[in-house]
Every structure is written in structure tokens, then in C-alpha cells.
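The values are calculated or read from the model by the stated rules, or taken from the named source; none is laboratory data. Since the structure is predicted, the reported quantities are computational estimates derived from the model, not experimental observations. Every residue, glycine as well, gets a Cβ built from its backbone with ideal geometry; the counts of neighbours run over all protein chains shown. Just so you know, the surface numbers come from the protein's heavy atoms only, side chains and all, with ligands and any DNA or RNA stripped out. Shrake-Rupley method; radii C 1.70, N 1.55, O 1.52, S 1.80 Å.
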Amino acid sequence: MPKVPKQKLPYVMINMAMTADGKITTTNRAISSFGSRQDRAQLLALRAKADAVMAGARTVDLNRVNLGPGPARYRRLRKKRGLAEFNLRIIVSRSATVSPDAEVFKHRFSPIIVLTTRRAGKRRLRALRAVAEEVKVCGAKEIDFRRALRWLYKARGIKRLLCEGGGELNDALFRAGIVNELHLTICPLMFGGREAPTIAEGTGVAKLAAAFPLVLKAMRGIGTELFLVYEAPRT
Ligand SMILES: NC(=O)c1ccc[n+]([C@@H]2O[C@H](COP(=O)([O-])OP(=O)(O)OC[C@H]3O[C@@H](n4cnc5c(N)ncnc54)[C@H](OP(=O)(O)O)[C@@H]3O)[C@@H](O)[C@H]2O)c1
């Protein structure tokens, strides 16, 4: 039998900032950014390596983000690396609850793709189709992330994907086994609060054997923050 060629998937990086108690925002979700200028520079440096930047519906709804490459020097860096000047943007929204009025849709510099499922109602889909370049249904009740990423690779040429949370989306990406790198900034703050989300929410795992293993690749203290890079073990 001829060998089936391995399906190509983008290389997936996640970048998150968390407090010393592992929170990514406060209980009321009012705080959207709490890292230093160095942390912001790391985010932009990672975006400058990525063909596309992805975020979950609540992250896009609650924050005034545009998910773009930022200042001109990062756009120049992208072009030097052979990437498009502006990265593609992807929003994950199982039920298409992301608001069409969210800030991200007001910035027209690059296409926005919304990944959703057949749970999404027609009215919501219509509203999103008016503001996004494409609304792609990638599953019945849940997004099949492997399928979605294969499509992004093949149809959109996405070879490196940066995911910027939030916690619910991160958990799904880890459970799908498609995360290659985790960039984590630990900020010297404590938020507390049982309801305040951490970097991986969702359903999680019940057994140690089911935990997603990580390999610590780099660790740097800059100012009052700690910058960690973990890699998924090679199989
Ligand atoms: N500190 C940081 O680095 C950082 C980074 C990012 C975000 N944040 C903060 O984190 C908070 C948001 O995090 P969050 O966990 O509440 O929300 P999130 O992951 O940004 O978004 C949740 C929504 O995304 C969609 N989604 C999530 N997982 C999915 C899956 N497996 N399949 C399909 N759709 C999925 C769903 O949309 P539907 O409802 O449409 O189904 C869900 O309601 C915000 O307060 C934000 O400021 C912090």
C-alpha cells in the first residue's frame, strides 16, 4: 500500500501573560492587559513570525484588540522574513456569539476568518459574514481543530499560527494535541478569585496520565517578570 502523506498542520504557538497565581484576568474580567512593555514587545515579536493570529470570542469581545502586526518596524520585519505585511486574523466562536461590533472588525488591514460550528444560528452567521471575509463551519457541535488547521494550511497558506487565548480556547487547543510552543509571561501580581480564568479553562483532564506534557526550553527574568518558553515533546 502506498503511504498516505502526512497531513500538514501549521506550527502552533500560544502566548499568554499570567499573574503569580495563574490568572489571566480578574474575576470581573475588567483587566485585559497587565504585562510590561517588554511583555508587549514579546507579543509583537511573536506576531511578526506568524502568518495568522487567533483568539477566542470572549477575548475579542472584551478587549479593544485588532490582532494586527503593530508598528511599522514589525511589519518591515515580516516582509524581510517573506511574510505578508499584515497577518491574517482568526476568531474562534463555536456558537458565533462574537459581536460583529467588536473592535477587531473595525480594522480592515487584513482578512478576518471566523471558525464556527453548525450550532451557530443563521442570524448570527449572517451578521458575521457582513464583517468577516469568511465564516468557516468546522464541525457539528464542536470545532474539529485538526480539520480547521489543515484547512488553514492548505487553503490559506498558514504555516505558523499564534494563538492569544483566552483560557477556554487554549484548553481546546491542548486537548486537540496541536500546540507546539507555549510562551508564558509571569507577572508579579496576585488577582485571586475562584471565577478568575487561568491560561487553560474548559474541561481539563481528570488524571495525571492525561496531562499534556511540556518541555521547558527557555527561561529569562527581565525586570520584574519571568518569560518562559515551553515546547510540546516531539513524538
Ligand atoms: N492574560 C492574557 O494573556 C490573556 C490573553 C487572552 C485573553 N485574556 C482574557 O481572558 C478572558 C477571555 O478568556 P475566556 O476563556 O473567557 O474566553 P475565550 O477563550 O477568549 O473565548 C471563549 C469563547 O470562544 C469560543 N470558544 C472557546 N473554546 C472553543 C472551542 N473549543 N470551540 C469553539 N469555540 C470555542 C466560544 O465562543 P461561542 O460563545 O461563540 O461559542 C467561547 O464562548 C478575557 O477576559 C481576556 O481579557 C487574557
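Which of the residues that make up segment 120-142 are open to solvent by less than 20 Å² (accessible area, probe 1.4 Å), in a loop (DSSP other than H, G, I, E, B) and at negative phi? Once the filter is applied, which keeps residues that are open to solvent by less than 20 Å² (accessible area, probe 1.4 Å), in a loop (DSSP other than H, G, I, E, B) and at negative phi, segment 120-142 yields Ala120, Ala132, Cys138. For segment 93-103, check the following and say yes or no: at least one residue is farther than 30 Å from Glu195 by Cα, modelled with pLDDT of 95 or more and either open to solvent by 20 Å² or more (accessible area, probe 1.4 Å) or within 15 Å of the ligand (Cβ to nearest atom) (or both). No. Is it the case that segment 150-165 has a residue that's closer than 20 Å to Leu115 by Cα, at pLDDT below 95 and within 14 Å of the ligand (Cβ to nearest atom)? Yes, because at least one residue in segment 150-165 is closer than 20 Å to Leu115 by Cα, at pLDDT below 95 and within 14 Å of the ligand (Cβ to nearest atom). Determine whether Gly177 is of a type outside the set (Lys, Arg), part of a loop (DSSP other than H, G, I, E, B), exposed (fewer than 14 other Cβ atoms within 10 Å of the Cβ) and within 15 Å of the ligand (Cβ to nearest atom). Criteria met by Gly177.
Of the residues Asn63, Asn15, the single one that is open to solvent by less than 50 Å² (accessible area, probe 1.4 Å), more than 17 Å from Ile158 (Cα to Cα), at pLDDT below 95 and within 16 Å of the ligand (Cβ to nearest atom) is Asn63.
Answer yes or no as to whether Ala20 is modelled with pLDDT under 95 and open to solvent by 30 Å² or more (accessible area, probe 1.4 Å). Judged against the criteria, Ala20 is not a match.
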